[in-house]
There are 4 protein chains.
Amino acid sequence: MSTTEGPIRLGMVGGGRDAFIGGVHRIAARLDGHYALVAGALSSTPEKARASGRDLGLAEDRIYADFEAMAEAEAARPDGIEAVAIVTPNHMHAGPAIAFLKRGVHVICDKPLTATLEDAQALAEAARASDALFVLTHNYTGYPMVRQARAMVAAGAIGRVRVVQVEYPQDWLATALEDTGLKQAGWRTDPARAGAGGATGDIGTHAFNLAAFVTGLRATALCADLDSFVDGRRVDDNAHVLLRYESGAKGALWASQVAHGNENALRLRVYGETGGLEWAQETPNTLRHAPHGEAPRLITRAGPAASPEAARLTRIPAGHPEGYLEGFANIYAEAAAAIRARGTGAPPPAEVAFPGLADGLAGMAFIDACVRSSSAGAVWTELGQA
Amino acid sequence: MSTTEGPIRLGMVGGGRDAFIGGVHRIAARLDGHYALVAGALSSTPEKARASGRDLGLAEDRIYADFEAMAEAEAARPDGIEAVAIVTPNHMHAGPAIAFLKRGVHVICDKPLTATLEDAQALAEAARASDALFVLTHNYTGYPMVRQARAMVAAGAIGRVRVVQVEYPQDWLATALEDTGLKQAGWRTDPARAGAGGATGDIGTHAFNLAAFVTGLRATALCADLDSFVDGRRVDDNAHVLLRYESGAKGALWASQVAHGNENALRLRVYGETGGLEWAQETPNTLRHAPHGEAPRLITRAGPAASPEAARLTRIPAGHPEGYLEGFANIYAEAAAAIRARGTGAPPPAEVAFPGLADGLAGMAFIDACVRSSSAGAVWTELGQA
Amino acid sequence: MSTTEGPIRLGMVGGGRDAFIGGVHRIAARLDGHYALVAGALSSTPEKARASGRDLGLAEDRIYADFEAMAEAEAARPDGIEAVAIVTPNHMHAGPAIAFLKRGVHVICDKPLTATLEDAQALAEAARASDALFVLTHNYTGYPMVRQARAMVAAGAIGRVRVVQVEYPQDWLATALEDTGLKQAGWRTDPARAGAGGATGDIGTHAFNLAAFVTGLRATALCADLDSFVDGRRVDDNAHVLLRYESGAKGALWASQVAHGNENALRLRVYGETGGLEWAQETPNTLRHAPHGEAPRLITRAGPAASPEAARLTRIPAGHPEGYLEGFANIYAEAAAAIRARGTGAPPPAEVAFPGLADGLAGMAFIDACVRSSSAGAVWTELGQA
Amino acid sequence: MSTTEGPIRLGMVGGGRDAFIGGVHRIAARLDGHYALVAGALSSTPEKARASGRDLGLAEDRIYADFEAMAEAEAARPDGIEAVAIVTPNHMHAGPAIAFLKRGVHVICDKPLTATLEDAQALAEAARASDALFVLTHNYTGYPMVRQARAMVAAGAIGRVRVVQVEYPQDWLATALEDTGLKQAGWRTDPARAGAGGATGDIGTHAFNLAAFVTGLRATALCADLDSFVDGRRVDDNAHVLLRYESGAKGALWASQVAHGNENALRLRVYGETGGLEWAQETPNTLRHAPHGEAPRLITRAGPAASPEAARLTRIPAGHPEGYLEGFANIYAEAAAAIRARGTGAPPPAEVAFPGLADGLAGMAFIDACVRSSSAGAVWTELGQA
């Protein structure tokens, strides 16, 4: 990927010391050289914001105490940021996103879209009204073999899809980690900051999005049985969800944060009339393809059966594992390509496929339907439009 | 295992030429030398019954044209059969089972119990009224590592169970194989012979039983979404089932016969408060145990962490794989031990754990509840008593 | 497999209480119903011989105190044994084998052929002079996917073979188990009973035979570095061997009994001009085939790409694992087919491929060359003819 | 990792358009933000050097046509480069490395050290005479679980090491790819540019280094059988090597570029008196540890049993795979830490463990001994000092 035009000037909201996902975004932005981080409102605590900015080598006058000040000041600079990464807890997505979209700054926002449907609507309006791009980091869609799976399904390699099995088990919240003061556990189990969904919102949305991304199917209804197995937990930590797709396909989704022995075991299996595909995030460089009546094949990233869609997002030879950060960086690279095309007035490159507003709204509808379904006793519930 | 007392005289109903499961039962019976097959009503077609009996070296006068004749004649012989294996299609389980139970002949019957609830009730009455044993070959419970998993759960190794994930995907019915004249596909997709459940009855009951066997939990309600994806199919070929257990644990069960690239991929995962266990039928010699806060361990059959429950059912050193037939033979070996104890008036050995009538009735209740739930739109349905 | 003609009358030498491999042979003989065990000299201790014979339900007059008596008596009976399984320690193979071969009784003998080259020569002469069959239980050749690998190589599926990697690591002798009184460890580490090779003879010969069986290549020279890592051990417990084949192919063989975490991890990899094949004994139902320039395939036993050679030795559907005992039973089944053909004067069935005298002699030459090479400082040594 | 002090100014020699490893070094340098690439002599073709420099956004006056000019000019600038990455073919390592070391510029050089022993000696002298650091990118040593393995061996977790099995099979050179014009295949199979070793030098040195890095053992002699299986190939494409270590441990190393179905399947297994460790590059986030008499454990990067040595080089939570680029970046990060410590006059941080001159010389001695051993008929050959 050429960087001739120079890196895109990037700001960041959130992601100060102690944060997790902010660091990931920074590496993803840096990995291919498409961005330079030049400004930040990295923490809601001014002191921490300043220290964090200095850690990252930001100029003193571009370390901001809050996102509003940053949006205003950067918009006023001739060398102001062109894009901003929003890596705050969920309830703090909408505010900064709207502030920057209003000013024409491209937004790269962590998922889920927001903590509430109201916020989601407000953000959606702002995004629709803006010329700037809105990118949602459902990062698992950036894995090359996920792209290949999507292309294979679209090309009919497994025929009409019948069954979708997607799961995302973790175990880090198998105990009441939120009571230990751990920051990550704190906000992710706090409905005020995370939203109504716990596992549902944090990882269920990733699973839901991945299934939709690969199959192209639209879910119309679901039946969700949510549980909070850990005493005192205020959000769900296990979600069993049955899905019905518009096409007649059926799905099952399982998201859990109490499944001992699972770290980030996101896994997708799709079965169609003429074949099956299986992919797992923890071994992301392989895609298993079982064509009807033939021995299953192990398609590897950059290997002999890799498709153009996989090859395009691959940096190194087959057998040298790429991982989570490279997949994340692929989203940033595609965003860069789209931003640059926008800058020239050209349409985004045809092959760009990063998730955006529609995916974010679908995720919010998913969380909302899960919570409504489960509250009513795990009854079938239509997926509305967020 | 000592065979000093001489093999148990065994008869067989069904299992003639072209049958599949009959051959499995014969190997299972023969493997440890506990049984001698001496009589059979091997087919409903007299000619085939005769040819099949000769194939197996049966004496001419012990090759029967029907099970009634066999029950009567064998009961009258001083050297008559002590036990009978029933390996017919589901709708032909109850008749022979009742005929032999009435005459005090121990019954080893293939699963599911019967094709209908009515038959199940009749069989249950006969079993309760008989002094003979009734053994149901939910054979996966015979795997040593399944026994170890059960013992570990019972001993609290993973704490109180929270989540049960069990699945049994296959792909052999991904096309309309029943239209090709294949006998196995024919009766298994015919409601008159298989019962109301397709995948649900054929493999779903295995998955349901395995989960209950390992966890000891009792399911009280389920929500089942059954599909027949193959055109013209008269029974379900994909079943998504959510489960609620009496203890508060939750489960998800998936049984499919249209999942390309899966052969007999029965897999159980159980997560408790302090650990997780994972086991897969296609690699049955390993049990993965993830204790909270420690690295997961790979416990192997006959390896350093094998439990007495596993060791008792193990024939060969660790690393030499035992498989499906050995697991099946373990059920037969346990049945032999119980039959011999019964012969001496002693209670069955304490460690014997083969499935029986209660498991069969639970399986029938499962099928029935699945079909009722799905028919009503996949609503939550209580598991009754079959 | 039809047993119309009635089972073959089988005797056994060795295999009394406490023995390991005798029990395996008995199950292998019984599994498909081709044999009936009717006589035995099961132990060199008369009391144990008798008790062991009773355990197995042998008639009192066919429980023998020594193999000579058994050979003589059985030869004199009209219903005398047709075949004998020899399952004694290595130094006790030649004596009984010769005694029975002389009397026209077919011999099924455990590996390696003998403990010494002299014994091997004597046994070879007896075998050549006899009309009876000599079968050597290099049992890993009985696995269906090993048969498929052999057929694929023969058919040119991977082109001319270049490189052979074969290994057989275990860990059970990582400590001085022979000092604990464990019978298996005792004789297997005693040069007087096991022969000059330790790991080399016990498992190295299996690995060497498997490579030859699959590739059809003849090794001409080797360079062996043997070690006894455990203090006081009198035979090698780790063997590194480089191999040169007549065809120009090269190989590496590793056999170890001190490789912690390995149980019976026999594994073969063969690479040719146009493809590669990989197979592992602990997951024996899968054969990995990597054709040049294509995605690797997972060929499963009884699955869609299984060859006739695999299918012929398969009892149950794909995905239901067969294991060590079934592979072992395949050798017994093939021996039965050959014995029956011999009985009718017909040639053995064309597809029969059990190992025999030539394989045994090749194994002895392998052990001998390894010991000579290593003693001389691990120099290249020609493989003679044993 | 803090970047407060601002990135280290980095130059690059080699790595222009069409190169492979140059891009890897650039990502590795960029990933953690420790370096800024500001100068380059990216190709020996001036036009390509210029175009490549522009691709990377270098200032026009810092795009050089050759490394000598670059060394001179950069040394003269107040803002001249502090470190240089040398990513040319092997025969072009020594020249630039010496030029920059002489001028006090830290050198990060790709492996193997050089193409010839003479060059290696010259480079060694220059490195010893210089105050600058010399870092050799045996990048596999940068994987966190490799670090943990090393720490565990050092701490006695598996006891005294007995056996080392290391292998690096690939398949990309299974055909005469060098005849197709592919640049990578061209120079890597040309003795003038790659050196005397083919697979031996390109990947065998990685395997050899990895084994030494993890075990801390010093190899004293080897026996190497090298082959060129592809017609017309001028260097070895398959290497079988037996190793003897000073401690009495034994090893086997296999490097192959003709092993169909293997991409970059570097794998290390180490067995000691009380346990075993296994690690594979294609699934680098897991380390298998088998303690004597216990079930093997799967230690994961950032999981519950990760050691401080692994944790220090980990960026993201367990289960999110890190890969080749992160391992490579760890070498760059450690080099940065050492460079910064050098800048302050402090010793390098105690935990820094990147490979350097000694490893490079050991690799050269390995290649040399392999070639000499094999030329003489695969005889045992002492490993000299390069």
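Table for the structure above
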{"read-out": "Any hit, segment D:216-230, residues being within 14 Å of chain A (Cβ to nearest Cβ), at pLDDT 95 or above and more than 22 Å from D:Ala196 (Cα to Cα)", "value": "no"}
{"read-out": "Segment A:274-301, residues that are facing another protein chain (nearest Cβ under 7 Å), assigned to a loop (DSSP other than H, G, I, E, B) and either under 23 Å from A:Asn330 (Cβ atoms) or among the charged types (D, E, K, R) (or both)", "value": "A:Glu282, A:Thr283, A:Pro284, A:Glu294"}
{"read-out": "Condition check for B:Ile316: of a type in the set (Val, Ile, Thr), assigned to a helix (DSSP H, G or I) and either crowded, with 24+ Cβ neighbours inside 10 Å or free of Cβ contacts under 8 Å to residues at least 60 places away in the same chain (or both)", "value": "no"}
{"read-out": "Any hit, segment C:191-201, residues being surrounded by 23 or more Cβ atoms within 10 Å (Cβ to Cβ) and among the charged types (D, E, K, R)", "value": "no"}
{"read-out": "Only one of B:Gly319, B:Gly345, B:Gly327 that is touching a strand residue (DSSP E or B) at 6+ places or on another chain (Cβ under 9 Å) and not aromatic (Phe, Trp, Tyr)", "value": "B:Gly319"}
{"read-out": "Options D:Pro355, D:Pro321, D:Pro304: the member that is outside any helix (DSSP H, G or I), closer than 26 Å to A:Ala318 by Cβ and in contact with a Gly (Cβ under 7 Å, 6 or more places away or on another chain)", "value": "D:Pro321"}
{"read-out": "Flag if B:Ala341 is away from chain A (no Cβ under 14 Å) and under 26 Å from A:Gly251 (Cα atoms)", "value": "no"}
{"read-out": "Checklist (1) within 14 Å of chain B (Cβ to nearest Cβ); (2) at positive phi; (3) at pLDDT below 95 applied to C:Gly181, failing item", "value": "(1)"}
{"read-out": "Matching helices (runs of 4 or more DSSP H) fully within segment B:2-85 where at least 3 residues are in contact with a helix residue (DSSP H, G or I) (Cβ under 7 Å, 6 or more places away or on another chain) and modelled with pLDDT of 95 or more", "value": "B:21-31, B:67-76"}
{"read-out": "One residue from D:Glu294, D:Glu309, D:Glu382, D:Glu326 being charged (D, E, K, R), at pLDDT 95 or above and buried (at least 24 other Cβ atoms within 10 Å of the Cβ)", "value": "D:Glu326"}
{"read-out": "Counted residues, segment B:36-51 - those being surrounded by 23 or more Cβ atoms within 10 Å (Cβ to Cβ) and within 11 Å of chain C (Cβ to nearest Cβ)", "value": "1"}
{"read-out": "Residues within segment D:86-100 that are assigned to a loop (DSSP other than H, G, I, E, B) and surrounded by fewer than 24 Cβ atoms within 10 Å (Cβ to Cβ), tallied", "value": "1"}
{"read-out": "Flag if C:Asp359 is under 14 Å from C:Ala221 (Cα atoms) and among the acidic types (Asp, Glu)", "value": "no"}
{"read-out": "Meets criteria (more than 9 Å from chain C (Cβ to nearest Cβ), part of a helix (DSSP H, G or I) and within 24 Å of the chain's Cα centre (by Cα)) for B:Ala259", "value": "no"}
{"read-out": "Failed item, numbered, when D:Gly377 is tested on (1) in a loop (DSSP other than H, G, I, E, B); (2) within 14 Å of chain A (Cβ to nearest Cβ)", "value": "(2)"}
{"read-out": "Number of the condition not met by B:Gly33 [criteria: (1) more than 17 Å from the chain's Cα centre (by Cα); (2) away from every other protein chain (no Cβ under 14 Å); (3) on the phi > 0 side of the Ramachandran plot]", "value": "(2)"}
{"read-out": "Tally, over segment B:9-18, of residues that are surrounded by fewer than 22 Cβ atoms within 10 Å (Cβ to Cβ) and either within 19 Å of the chain's Cα centre (by Cα) or among the aliphatic types (A, V, I, L, M) (or both)", "value": "0"}
{"read-out": "Single match in C:Ile21, C:Ile27 (criterion: within 23 Å of C:Ala192 (Cβ to Cβ), buried (at least 20 other Cβ atoms within 10 Å of the Cβ), of a type in the set (A, V, I, L, M) and within 14 Å of chain B (Cβ to nearest Cβ))", "value": "C:Ile21"}
{"read-out": "Close pairs from segment C:373-385: first under 20 Å from C:Arg218 (Cα atoms), partner of a type in the set (Lys, Arg) and outside any helix (DSSP H, G or I), Cβ under 8 Å, at least 6 apart", "value": "C:Trp380/C:Arg244"}
{"read-out": "Test: residue in segment D:227-247 that is charged (D, E, K, R), outside any loop (DSSP other than H, G, I, E, B), buried (at least 24 other Cβ atoms within 10 Å of the Cβ) and in contact (Cβ under 8 Å) with a residue 60 or more places away in the chain", "value": "no"}
{"read-out": "Residues that are facing another protein chain (nearest Cβ under 10 Å) and more than 30 Å from A:Ala295 (Cβ to Cβ), drawn from segment B:136-160", "value": "B:Ile158, B:Gly159, B:Arg160"}
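This table checks each residue for (1) closer than 30 Å to C:Tyr271 by Cα; (2) touching a helix residue (DSSP H, G or I) at 6+ places or on another chain (Cβ under 7 Å).
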site: D:Leu217; (1), (2): no, no
site: D:Leu226; (1), (2): yes, yes
site: D:Gly232; (1), (2): yes, no
site: D:Gly248; (1), (2): no, no
site: D:Arg267; (1), (2): yes, no
site: D:Gly275; (1), (2): no, no
site: D:His292; (1), (2): no, no
site: D:Ile316; (1), (2): no, yes
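The rows are residues; the columns are (1) touching a residue at least 12 places away in the same chain (Cβ under 8 Å); (2) among the basic types (Lys, Arg).
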{"site": "A:Val107", "(1), (2)": "yes, no"}
{"site": "A:Lys111", "(1), (2)": "yes, yes"}
{"site": "A:Glu118", "(1), (2)": "no, no"}
{"site": "A:Ala129", "(1), (2)": "yes, no"}
{"site": "A:Val146", "(1), (2)": "yes, no"}
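The values are calculated or read from the model by the stated rules, or taken from the named source; none is laboratory data. What you see is a predicted model, and the numbers here were worked out from it, not measured in a lab. Every residue, glycine among them, receives a Cβ derived from its backbone with ideal geometry; neighbour counts consider all protein chains shown.
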